[in-house]
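The values are calculated or read from the model by the stated rules, or taken from the named source; none is laboratory data. Please read these numbers as outputs of a predicted model, since none were measured by experiment. Here the Cβ positions follow ideal geometry from the backbone for every residue, glycine too, while neighbour counts run over all protein chains shown. Calculation scope for accessible area: heavy atoms of the full protein, side chains included, ligands and nucleic acids excluded. Shrake-Rupley method; radii C 1.70, N 1.55, O 1.52, S 1.80 Å.
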Amino acid sequence: MNRAADRRRTVQERDRLRQLEVFSYVVRLGSLSRAAKRLGITQPAVSLQVRELENELRTSLMDRGTSGISLTVAGERFYKRVKPLMERMGMLFEDRADLIHEQVTGWLDLAANPIGATNVLPRYAKQLRDLHPGVRVRVHKCVQSKGLSMLHANDVELVLGVPDSGQDNSLEYREILTYKIVLITSRDHPLAGRERVSLQEAASWPAIVPPPGTANRRMAEAAARRFGIRFRAVIEVGGWDALKRFVEMGIGVAAVPSICIRETDKVSVVPVEEYLESRSFGVFTRRGDYLTAPARRILGMMIPDS
């Protein structure tokens with residue numbers, strides 16, 4: 001009899017924690033559908049969890065209208081009590097699969113700049129899927145500013161990109177890797193195979209460059225100004241993959257991030273003498289936010305000590 005009572009109590013406590021978790025997501029994301037998407041469950045399941053919580057508390061926590069949900073006075077008071085609890089115990093709730101050795105499932109929404117989506121993310125996504133085939137990943141490939149806006153709006157949980165000098169304190173940046181700026185040439189170019197070249201020497205050759213106004217173009221122009229040189233652009237093209245194809249054809253040389261180079265690229269990579277500072281590439285999260293289990297898994301793969 002005592003064992004049966006203990007089992008019932010355990011089930012009740014587990015259900016209550018789930019209800020609090022779902023309620024917190026609905027409040028944070030502002031809608032039942034967004035909460036369902038983030039949690040990887042159906043919208044009716046979200047509604048049921050909230051209704052059961054309201055039944056247990058014997059009060060209405062939120063008003064549901066055509067324009068979305070809004071908290072009642074009781075709901076606002078209750079959320080003020082629930083929020084710090086969920087923030088402190090979010091890791092336990094979101095990572096509960098670790099404790100009971102269950103497979104992680106659900107959707108992971110993240111954004112990545114072009115380099116991140118093409119050259120950094122794929123191997124981590126593969127690791128995640130190999131370990132947890134029930135996880136589905138939705139990648140939003142976009143410029144970093146749009147990705148950070150999506151993060152602020154809770155549309156994604158992670159953003160892959162570079163440190164942002166204008167970043168506000170609500171976001172946290174963690175480094176995944178470092179890279180350098182290198183010169184690439186065609187394999188039969190006179191500079192190919194060199195151990196190092198100066199920027200002045202590199203600038204004497206026709207250049208393939210990113211379009212004006214892009215972050216990559218600004219990076220190249222800043223380097224040129226720093227060393228008092230002018231490069232001779234013959235082709236402007238967006239996207240590192242397209243730029244590398246023009247270099248392969250021998251039309252010109254280009255300065256690119258080392259992380260955008262693949263083994264299959266038919267280019268010669270030459271370090272640039274004066275511009276060897278390492279640069280950082282990493283992941284942004286909302287500071288103090290608790291992440292879903294898929295997000296925590298891939299973050300742990302990217303940054304093992306996180």
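Overview of values
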read-out	value
Complete set of residues in segment 259-306 that are polar (S, T, N, Q), at pLDDT 90 or above and over 15 Å from HIS189 (Cβ atoms)	THR264, SER280, THR285
Single residue of segment 272-288 satisfying the filter (open to solvent by 40 Å² or more (accessible area, probe 1.4 Å) and out of contact with any Asp or Glu (no Cβ under 7 Å at 6 or more places or on another chain)) that is nearest to LEU29 (Cα to Cα)	ARG286
Pairs, first more than 13 Å from VAL156 (Cβ to Cβ) in segment 280-306, second in a strand (DSSP E or B) and of a type in the set (D, E, K, R), C-beta under 6 Å, six or more apart	SER280/GLU175; GLY282/ARG174; GLY282/GLU175; ARG287/GLU172; ILE303/ARG174
Among (1) closer than 30 Å to LEU131 by Cα; (2) at pLDDT 80 or above; (3) open to solvent by less than 60 Å² (accessible area, probe 1.4 Å) - the single one VAL256 does not satisfy	(1)
Unique residue being more than 16 Å from ALA293 (Cβ to Cβ), assigned to a helix (DSSP H, G or I) and at pLDDT below 90 when the list is LYS83, LYS126	LYS83
Per-region count, segment 203-221, residues in contact with a strand residue (DSSP E or B) (Cβ under 9 Å, 6 or more places away or on another chain) and basic (Lys, Arg)	1
Failed item in (1) in contact with a Gly (Cβ under 7 Å, 6 or more places away or on another chain); (2) without any contact (Cβ under 8 Å) to a residue 60 or more places away in the chain, with VAL135 passing the rest	(2)
Residue within segment 47-65 that is open to solvent by 50 Å² or more (accessible area, probe 1.4 Å), modelled with pLDDT of 85 or more and on the phi > 0 side of the Ramachandran plot present	yes
Filter result for the condition that a residue is over 23 Å from LYS146 (Cα atoms), modelled with pLDDT of 85 or more and surrounded by fewer than 13 Cβ atoms within 10 Å (Cβ to Cβ), over GLY193, GLY228	GLY193
Residues located in segment 146-164, provided they are closer than 24 Å to ILE261 by Cα and open to solvent by 10 Å² or more (accessible area, probe 1.4 Å)	VAL162, PRO163, ASP164
Every residue from segment 290-304 that is over 14 Å from the mean Cα position of the chain (by Cα) and under 27 Å from LYS83 (Cβ atoms)	TYR290, ALA293
Lone qualifier among VAL139, VAL135, VAL143 - being at pLDDT 90 or above, open to solvent by 60 Å² or more (accessible area, probe 1.4 Å) and hydrophobic (A, V, I, L, M, F, W, C)	VAL139
Hits in segment 238-253 (condition: surrounded by fewer than 16 Cβ atoms within 10 Å (Cβ to Cβ) and among the hydrophobic types (A, V, I, L, M, F, W, C))	ALA242, MET249, ILE251
